[in-house]
Ligand SMILES: [Fe+2]
Ligand SMILES: [Fe+2]
């Protein structure tokens, strides 16, 4: 009897372990799926913002064009970080490219603001939390650093929308951290507030 109970206990423990490890596999797969979605999203955002920059230049919104170029640069860095993380986790980075829909600069700014807001408020916080649960610290860190940059992008798009006349003139400059994609308006800071890289790691875009 004693042996039978011990046997059942061992079998139950093994069953529970299997469930736990299956759940862990599922969580790890979900992290990779979220990284793939992010990688594709950032690559598409890069192409879309570059097209929006051309349109803004055509319409004479010089500083808006600079903002779109800076955000495009930042999104390319996020895409690269997501691709590296996907590779480190043993998968192959994928992307589904879409042809960007380019409208007037006002409409493009509105679309950009909407996209960034969804990313910073919903998409990346959810992905980061899921990665925390799956104990994927690197993925969680990159979701959060993208979130920090998207928060700044959303802020600048809102400022541009509120004062489009002011943003017609050339003169606004942006600096993009080439390590994490964090974006500031004006001169580069002494140190990146997200990844602590020094000023030399920032690219000035105007
Ligand atoms: Fe962004
Ligand atoms: Fe940075």
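Nothing in this text is a laboratory measurement; each read-out follows from the coordinates by a stated rule. Every value quoted in this text rests on a predicted model; they were computed, and no experiment measured them. With ideal geometry, Cβ positions are generated from the backbone for all residues, glycine too; neighbour counts draw on all protein chains shown.
What is the Cα centroid distance between segment 77-132 and segment 21-40, reported in whole angstrom? Cα centroid of segment 77-132 versus Cα centroid of segment 21-40: 15 Å apart. Could you compute the FRET efficiency for residue 23 and residue 104, with r as their C-beta to C-beta distance and R0 at 45 Å, rounded to 0.05? That pair, residue 23 with residue 104, gives E of 0.40.
Each label point was placed 7 Å from the Cα along the Cα-to-Cβ direction; for residue 166 and residue 30 their separation is 4.3 nm.
Considering Cα pairs under 8 angstrom that are at least six residues apart, work out the relative contact order of segment 136-206 and quote it in whole percent. Relative contact order of segment 136-206: 29 percent.
Size estimate for segment 2-205 follows the Kirkwood approach: the inverse of mean 1/r over distinct Cα pairs works out to 18.4 Å.
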